[in-house]
Amino acid sequence: MYTYLFAMIWLIFPAIVQRQKHTQTTKEIEMAKKKLTKAEQDRAQRMQWWHDARFGMFIHWGLYSQLGRHEWVMNRERIPLKEYEQLADSWQVKPRPAREWARLAKKAGMKYMVMTTKHHEGFCLWDSQMTDYNAAQHGPKRDLVREYVDACREFDLKIGFYYSLMDWHHPDGARCAKDEKARRRFLDFTQGCVRELNSNYGKIDIMWYDVSWPLSSPEAWESRKMNRMVRRLQPDIIINNRSQLPEDFGTPEEHIRAEDAGRAWEACMTFNGSWGYMPYAPAEEWHPTRKVLDMVRQVSSGGGNLLLNIGPAPDGSVPPEATERLIPVGKWLAKYGEAVYGQTDRTDGCFEWGPLGQWTRKGKTAYLWVSRWPGEEIVLGGFRTKLRSAKFLDNGQAIKFEQKGQQLKLQGLPKKNPDRVAQIAVIEMEFASVPKQQLGAGCVLLK
Ligand code: JFZ
């Protein structure tokens, strides 16, 4: 009898332990997963389109556009509030300018847009219940955010909302830093605005916060609560890092520098040094087509995005300088987009700088953007990986090459840069493994 019982325990006990072990591990996995918020768990999936898209259009447009002296004009010139407010009624806007922006963005090879729904001046471009200081009540007497959203959808562009947390018009916008009741009112206003934007316009793809003066912590801004609300209203939305929380992506401004591997980033760049309309900028100050393409290359090689700004004229029309430069950008991208869109890999550690052009990469495939065409032969030093094939990216025409020791020669090339659009021809090179070029500073490598 005892032997029987003993045998039973001996047989069953390990099975129970085993089972418990098993349930514990699945539980542990669940717990580990729970430590990541839902937004973190599904980040890669939510951001897939954004990474593939690479290139978007930023729009800075508001009352300040009428003055044409930068979107900070109210602050820079210390314009009294009462005087500035008059711009709300003098603002005249032509019919549906957002369609012009969207048409141009599409032609330029951009895949998404971000528009200022409210900049620091505090004027809301949408029909808001939170304040009368908005475009539906004054000047244009229209919901300009609605028009923008409709235009994006018409031209198949993803939709981003820029929203300035800092507010120079709201009576509590500064006072909130010192007065608890004012802070409560201002947060209610802010959250109300953000709720309207994310409730009334269908699916929104990007929430792009800006300047969080004068409150100095995400707690003071209630950013976690606010962004939880945004994600509840818009489960697939992508949120930037300017509500004092890292959220989905970093926003280097007016420079292009990759963030740490694994962290998404988007460089936002002005076209001519000002975000808002600036008719006083000479043509020389506008980035030329080749410079814009180089910015596109830089973000592609660092796994980031480029959000290039246009400051429309007060009536909403696109400055001709922007159109003139962006049309060829789009023509070029139509030829060579494969080197830009989709999953590109970082080039750091693969290539060294070269005087004739720089690189983008997808796995073992390297794209050499030759912006200075030397003639019938291009020589590249220091490659440690075997080249399998080379061809022109636009027409697939094969390129002869010779790889001996540390020199790789592309031969039989045309005398002049074959790219007529921007004088940047892309050569696609298939390597045997992830390419590795090593040159160093001297003519030998010192170990
Ligand atoms: C902000 C705005 O003030 C500006 O008007 C524009 O909208 C731009 C996109 O964003 O400008 C900033 C924000 C942050 C820094 C600098 C300028 N910063 O962190 O140095």
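Points to keep in mind about this one:
- Flag for Ala98 being crowded, with 17+ Cβ neighbours inside 10 Å, out of contact with any Gly (no Cβ under 6 Å at 6 or more places or on another chain) and within 30 Å of Tyr336 (Cβ to Cβ): yes
- Selection from the range 170-206 of residues that are in contact (Cβ under 8 Å) with a residue 40 or more places away in the chain and more than 17 Å from Asn134 (Cβ to Cβ): Ala174, Gly202, Lys203, Ile204, Asp205, Ile206
- Cβ-Cβ contacts under 8 Å between residues 6 or more apart (or on different chains), taken from a first residue in the range 292-319 that is more than 23 Å from Pro282 (Cα to Cα) to a second residue that is within 16 Å of the ligand (Cβ to nearest atom) and among the small types (Gly, Ala, Ser), are listed as Gln298/Ala267; Val299/Ala267; Gly304/Ala267; Asn305/Gly56; Asn305/Ala267; Leu306/Gly56; Leu306/Ala267.
- Across the range 109-121, the number of residues qualifying as crowded, with 24+ Cβ neighbours inside 10 Å and part of a loop (DSSP other than H, G, I, E, B) comes to 3.
- Yes/no for Thr323 being more than 16 Å from the ligand (Cβ to nearest atom), in the same structural domain as Phe161 (by TED's automatic domain parsing) and farther than 25 Å from Trp72 by Cα: no
- Residue check for Lys331: under 26 Å from Glu430 (Cα atoms), not acidic (Asp, Glu) and not in a loop (DSSP other than H, G, I, E, B): yes
- Flag for Asp394 being acidic (Asp, Glu), surrounded by fewer than 21 Cβ atoms within 10 Å (Cβ to Cβ) and assigned by TED's automatic domain parsing to the domain that holds Lys94: no
Quick grid of which residues meet (1) more than 16 Å from the ligand (Cβ to nearest atom); (2) under 24 Å from Ile239 (Cβ atoms); (3) modelled with pLDDT of 95 or more:
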| site | (1), (2), (3) |
| --- | --- |
| Tyr64 | no, no, yes |
| Glu71 | no, yes, yes |
| Met74 | no, no, yes |
| Pro80 | yes, no, yes |
| Ala102 | yes, yes, yes |
| Cys124 | no, yes, yes |
| Asp127 | yes, yes, yes |
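- Residues of the range 170-212 satisfying the condition of being within 16 Å of the ligand (Cβ to nearest atom), of a type outside the set (A, V, I, L, M) and touching a helix residue (DSSP H, G or I) at 6+ places or on another chain (Cβ under 7 Å): Gly173, Ser212
- Only one of Val318, Val296 that is closer than 29 Å to Pro97 by Cα, under 17 Å from the mean Cα position of the chain (by Cα), more than 16 Å from the ligand (Cβ to nearest atom) and in the same structural domain as Tyr209 (by TED's automatic domain parsing): Val296
- Inter-residue pairs, beta-carbon under 8 Å, first within 16 Å of the ligand (Cβ to nearest atom) and in the range 34-60, second among the charged types (D, E, K, R) and in a strand (DSSP E or B), 6+ apart: Gly56/Lys158; Gly56/Glu266
- Residue in the range 235-248 that is within 14 Å of the ligand (Cβ to nearest atom), touching a residue at least 40 places away in the same chain (Cβ under 8 Å) and either among the hydroxyl-bearing types (Ser, Thr, Tyr) or farther than 28 Å from Gly349 by Cβ (or both) present: yes
- The set of residues in the range 35-62 being at pLDDT below 95 and among the β-branched types (Val, Ile, Thr) consists of Thr37 alone.
- Elements of the type strands (runs of 3 or more DSSP E) sitting completely within the range 366-447 and holding at least 1 residues that are free of Cβ contacts under 8 Å to residues at least 12 places away in the same chain: these cover 400-404.
- Of all residues in the range 140-169 being touching a residue at least 60 places away in the same chain (Cβ under 8 Å) and more than 30 Å from Trp49 (Cα to Cα), the one that is farthest from the ligand (Cβ to nearest atom): His169
- Hits in the range 257-289 - residues which are assigned to a helix (DSSP H, G or I) and either buried (at least 17 other Cβ atoms within 10 Å of the Cβ) or touching a Phe, Trp or Tyr at 6+ places or on another chain (Cβ under 8 Å) (or both): Thr289
The values are calculated or read from the model by the stated rules, or taken from the named source; none is laboratory data. Here the structure is a predicted model, which means the values were calculated and not measured. So basically every Cβ, Gly included, is an ideal-geometry build from the backbone, and we count neighbours across all protein chains shown.
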